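I have placed the structure first, in the form of C-alpha cells, so that the comments after it can refer back to it.
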Amino acid sequence: LWDPKDDADSPVVSKVPKSPPAGSVWAAYPSYALWVRTFAGERLRLERILFHSVRVFWPPDYGDMVLVLDAERKEEHRFGSTMQSVAPYPKIVYEPLPEDPATFPGGICGRGQGYDRQQWSRFWADTHTDAEVVGFLDNDSLFTTVVTPESLFDKNKRPIIIGKHTPYKKVRWAVATQVAICAPQVADFMYNFPIMVKRTTFVRARQHIMNCLNVSRFDHAFRIFAATNDIQTGSYSEFNIILNYAFYHEQDEYDWHIMAVQASTGPFLDGTFNRPALRVATHARGLSDANISYYVRQGYCLGCISLGNCHVPEAMRDAQSAARMKHYIMFNWEHTGHMWTERRLGDSAHPQFMQKAHYDNVVKLQHVWPGDVADLVNVNETFYPDCSKPPDRTGCREYNVRIHVKGMERKQFWQWEHGQEKMNLLCGALTGRAPLTKNMQARMRSTKPS
C-alpha cells in the first residue's frame, strides 16, 4: 500500500483548468475538464484509444484532462507519475477510499466493487477540478471527429445532453434511478461521450439523493441504490442518476436531445426534446483493432477534406465525392446500426444535413492538426487494442447473459460500414500511406458513395 508520507514532496496539482489563449474561440465557453476514472491495468486502452484520438480530434487549447486513480495503491502512483508525461499530459488526482468500507456492495453482473468505486468517484468529480463543466469519458472512449463548440454547447453555451427516452418501466437502470432520485427515469443518458455535467449540479444532486433516501451521509445513500440489482433492468448508472435528477430539477441549465421511441408522446415526440444531435466520440467496446483504426482515419480524412489541409494536398483532387460519404458513427451509439433520424422533424433532423452543418463548423473553427497527424492516423491497426471480446459475465444471471450476447451480436452486425473500401483508398492517399494508382482511382470512381 502507498504511504501518504511519500507524497510529502510532490507538487500540489492545481484544480484550476487552463484558459484558452487570447483570441481563441474557446475563450467564450465555460471552463472544461475531460474526466477519466481508470487504473494501471487499463494503460493500453487509455493511451492507444483515448489519448491517441484526443490528440487527433480534441482542440489542444481547450480544457484539461483529469485522471482519477486509487490513492492507496503504489502501482497507481507509479502509473500516475508516468501518465503525467504522456500527451495530452493529464492532471492526476489520487482519491482515497470512503470512510465506510461497506459503501461498495459489489455483486453486479460482470462487475465488482471496482465498478462501484468508479461510479462513486464520478459523483464527486466537482472535488477533483474547478472546471465549470466536467466531460466524462471512459478509458476506452474513442473520438471520431473534430470537436467544435457547436458539438458540445448550444447557442446559449449550455452543455448538450444526449439520451434515449425510456417511457417503459423495465429498461436498464430504471429501478435504481428511481430509488436514488424518488422519480421515474425519463431517459437513458449513457448514450454519448463526453457526458457533460455542470460543476454546480454535483452538490445539489448529492443532497437531493440523500434527502430522497432519508440519510445524512452520501456513502450511506450510495450503498442503498448501488445494491439495487433488478433482474431485468440491471444495476445502476451514475450518469443516469445525475442527469435524470438534472432533467427534473435543473432542466434550463442544459440543452436536452432525447431520442424518441415507439411509445414516446408529447414533448418527447414533437421536437421539444427529440431533436437529434451528433456524437463526437463513442465506446471502443465491441470494436476490433481494424474498426478503431478505420474510425480514426475516417474522421481525419473527412475533416481534412473540409478544411483543405490534408497531409498530401495533391491527393485531394481525388476526394471530390467525399462530401457525399456518410459519417455513420456520429449518428448511432456503440456502432449498432441504429441511425438517429427523427423523420417527423423534416430535413433539419436528417444525418445528411447535420453532417454538413458539422463540417461547416469544423471549417469555421479552422481546426489545426498536430504536426505528427500523419503518423497518428497511419499507425498499423494492430497498434490499437482489440476491444471486440465478449464482456465479463462473472456473477451474471442467465437473463443478463442473454442481453450481453444480444448486444455483442448487434455490434458485430454493424462493424463494417458501407463504402469502407472507398474511404480506405482515399485516406491512404490523403495521409501518404498508400498513393493512389490509376487502377485504384478507377475503383474509387466506380464505387458509389455510401
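The values are calculated or read from the model by the stated rules, or taken from the named source; none is laboratory data. Predicted model only: the values in this text are computed from it and were never measured. Neighbour counts run over all protein chains shown; Cβ positions are idealised from the backbone, glycine included. Heavy atoms of the whole protein, side chains included, go into the accessibility calculation; ligands, DNA and RNA do not. Shrake-Rupley method; radii C 1.70, N 1.55, O 1.52, S 1.80 Å.
A few points about this structure:
- The residue that is nearest to the chain's Cα centre (by Cα), counting only those in segment 146-192 that are open to solvent by less than 10 Å² (accessible area, probe 1.4 Å), of a type in the set (V, I, T) and more than 21 Å from Y236 (Cα to Cα), is V147.
- So R122, is it farther than 24 Å from S288 by Cα, out of contact with any helix residue (DSSP H, G or I) (no Cβ under 9 Å at 6 or more places or on another chain) and open to solvent by less than 50 Å² (accessible area, probe 1.4 Å): no
- Search result, residues across segment 239-283 that are small (G, A, S) and under 18 Å from the mean Cα position of the chain (by Cα): A277, A281
- Counting only residues that are outside any loop (DSSP other than H, G, I, E, B) and either in contact with a Leu (Cβ under 9 Å, 6 or more places away or on another chain) or crowded, with 16+ Cβ neighbours inside 10 Å (or both), segment 254-268 holds 6 of them.
- Residue check: F143 meets all listed conditions (1) open to solvent by 20 Å² or more (accessible area, probe 1.4 Å); (2) farther than 20 Å from D255 by Cβ but one, namely (1).
- Residue within segment 128-138 that is open to solvent by 20 Å² or more (accessible area, probe 1.4 Å) and of a type outside the set (D, E) present: no
- Residue within segment 99-121 that is more than 30 Å from K18 (Cβ to Cβ) and assigned to a strand (DSSP E or B) present: yes
- Qualifying residue in segment 193-205 (condition: open to solvent by 10 Å² or more (accessible area, probe 1.4 Å), without any contact (Cβ under 8 Å) to a residue 60 or more places away in the chain and under 30 Å from R45 (Cα atoms)): no
- Extreme residue, nearest to I292 (Cα to Cα), among residues of segment 37-86 that are part of a strand (DSSP E or B) and either among the basic types (K, R) or touching an Asp or Glu at 6+ places or on another chain (Cβ under 7 Å) (or both): R37
- Considered as a group, the residues in segment 88-123 that are at pLDDT 90 or above and among the β-branched types (V, I, T) include one that is farthest from F239 (Cα to Cα), and that residue is I92.
- Summed over segment 87-104, the residues that are buried (at least 19 other Cβ atoms within 10 Å of the Cβ) and over 25 Å from G63 (Cβ atoms) give a count of 2.
- Among the numbered conditions (1) buried (at least 22 other Cβ atoms within 10 Å of the Cβ); (2) among the aliphatic types (A, V, I, L, M); (3) without any contact (Cβ under 8 Å) to a residue 12 or more places away in the chain, the only one that M210 does not meet is (1).
- Per this entry, G271 is not counted among residues that are open to solvent by less than 10 Å² (accessible area, probe 1.4 Å), in a loop (DSSP other than H, G, I, E, B) and of a type outside the set (S, T, N, Q).
- Which numbered condition T103 misses (of (1) β-branched (V, I, T); (2) farther than 29 Å from W369 by Cα; (3) out of contact with any His (no Cβ under 9 Å at 6 or more places or on another chain)): (3)
- Candidate set: segment 282-339, residues that are over 23 Å from T148 (Cβ atoms), open to solvent by less than 30 Å² (accessible area, probe 1.4 Å) and assigned to a loop (DSSP other than H, G, I, E, B); chosen: the one modelled with the lowest pLDDT: G337
- Just one of the numbered conditions (1) touching a Leu at 6+ places or on another chain (Cβ under 9 Å); (2) surrounded by 15 or more Cβ atoms within 10 Å (Cβ to Cβ); (3) at pLDDT 90 or above is not true of E381: (1).
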